[in-house]
Amino acid sequence: MKRLLDLTLALTTTAFLAFPILIAALAVRLTSQGAILYWSERVGRNNVIFQMPKFRSMLIDTPAVATHLLENPNQYLTPIGSFLRKSSIDELPQLWSILKGDMSFVGPRPALFNQYDLISLRTQQGVHELVPGLTGWAQINGRDELPILQKVELDVEYLKRCSLLFDLKIMWMTVLKVLARDGVSH
């Protein structure tokens, strides 16, 4: 049921947002050098690595680490990078990952391949068995600002409470958070 909902929503959303996606792609191309999409190595279900696309919001020489680990993340942003991140427009190419089945609309956010502490804690708690999501319970309860232990606690809570109604609640709360640009530090 969840996969069918993901496919239906991803196709509908892609069709509905096709023009804004095209505009965002053009804006990335015109405002900085490099590819329009950044393909990030992420950890998926059962700790399998997959390639997750995002609109490129950082310069091409940015180290491949979580943004909060950069000494001065703002120095790496493209001219429209801050807008793309705060509006979450940079996440729209992940609709492709949902269509492929690497991601779901709701689940724990996929860890970077080198976030060993997060991957280890999630694996110990069984969270690694979930398909990662475009949004999730931890995302709407702190996003970039959460320490790893708290993020994993929220992921475990999602694992225990996982249901269609809970997913719908998380999606609705995500829309509210994105509109308010809440919880984005860069």
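The values are calculated or read from the model by the stated rules, or taken from the named source; none is laboratory data. Owing to the predicted nature of the structure, the values given are computational and were not obtained by experimental measurement. With ideal geometry, Cβ positions are generated from the backbone for all residues, glycine too; neighbour counts draw on all protein chains shown.
For the range 44-62, which residues satisfy the criterion of being of a type in the set (Lys, Arg) and touching a strand residue (DSSP E or B) at 6+ places or on another chain (Cβ under 8 Å)?
Matches in the range 44-62: Lys54, Arg56.
Can you list residue pairs whose Cβ atoms sit under 6 Å apart, with the first residue in the range 68-88 being in contact (Cβ under 8 Å) with a residue 12 or more places away in the chain and the second being of a type in the set (Asp, Glu)? Count only pairs 6 or more apart in sequence or on different chains.
Hits for this filter: Leu84/Asp90.
Look at the range 2-55 and say how many of its residues are on the phi < 0 side of the Ramachandran plot, over 16 Å from the mean Cα position of the chain (by Cα), part of a loop (DSSP other than H, G, I, E, B) and in contact (Cβ under 8 Å) with a residue 12 or more places away in the chain.
Count: 5.
How do the pairs read when you match residues in the range 159-182 that are touching a residue at least 60 places away in the same chain (Cβ under 8 Å) with residues anywhere that are assigned to a helix (DSSP H, G or I) and hydrophobic (A, V, I, L, M, F, W, C), using Cβ under 9 Å and keeping only pairs 6 or more apart or on different chains?
Going by the 9 Å Cβ cut-off, the qualifying pairs are Leu164/Leu5; Asp167/Leu5; Ile170/Ile140; Met171/Leu9.
If I filter the range 98-145 down to residues being closer than 26 Å to Leu11 by Cβ and among the small types (Gly, Ala, Ser), which single residue comes out as surrounded by the fewest Cβ atoms within 10 Å (Cβ to Cβ)?
Gly101
Quick check: anything in the range 104-115 of a type outside the set (Gly, Ala, Ser), part of a helix (DSSP H, G or I), touching a residue at least 12 places away in the same chain (Cβ under 8 Å) and at negative phi?
First pass over the range 104-115, keeping only residues of a type outside the set (Gly, Ala, Ser): 105-106, 108-110, 112-115.
Then keep just the ones that are part of a helix (DSSP H, G or I); that gives none.
Scanning the range 104-115 turns up no residue that is of a type outside the set (Gly, Ala, Ser), part of a helix (DSSP H, G or I), touching a residue at least 12 places away in the same chain (Cβ under 8 Å) and at negative phi.
Right, Asp155: at pLDDT below 95 and in a helix (DSSP H, G or I) or not?
On the way: at pLDDT below 95: no; in a helix (DSSP H, G or I): yes.
Considered against the rule, which asks whether it is at pLDDT below 95 and in a helix (DSSP H, G or I), Asp155 comes out as no.
Only residues that are touching a Lys or Arg at 6+ places or on another chain (Cβ under 7 Å) and either over 22 Å from Leu17 (Cα atoms) or in a helix (DSSP H, G or I) (or both): list them for the range 79-93, please.
Once the filter is applied, which keeps residues that are touching a Lys or Arg at 6+ places or on another chain (Cβ under 7 Å) and either over 22 Å from Leu17 (Cα atoms) or in a helix (DSSP H, G or I) (or both), the range 79-93 yields Lys86, Asp90, Glu91.
Are any of the residues in the range 57-65 over 17 Å from Thr13 (Cβ atoms), hydroxyl-bearing (Ser, Thr, Tyr) and within 15 Å of the chain's Cα centre (by Cα)?
yes
Among the residues of the range 155-181, write down those that are in contact with a helix residue (DSSP H, G or I) (Cβ under 8 Å, 6 or more places away or on another chain) and more than 24 Å from Arg45 (Cβ to Cβ).
Lys177, Arg181, listed by residue number.
Taking the range 32-57 as the search range and keeping residues that are of a type in the set (S, T, N, Q) and modelled with pLDDT under 95, which one is nearest to Glu129 (Cα to Cα)? Break it down into steps so the answer makes sense when it comes.
First, pick out the residues of the range 32-57 that are of a type in the set (S, T, N, Q): 32-33, 40, 46-47, 51, 57.
From what is left, the residues that are modelled with pLDDT under 95 are 32-33, 40, 57.
Numbers: Ser32: 38, Gln33: 38, Ser40: 20, Ser57: 30 Å.
Across the range 32-57, the extreme among qualifying residues is Ser40.
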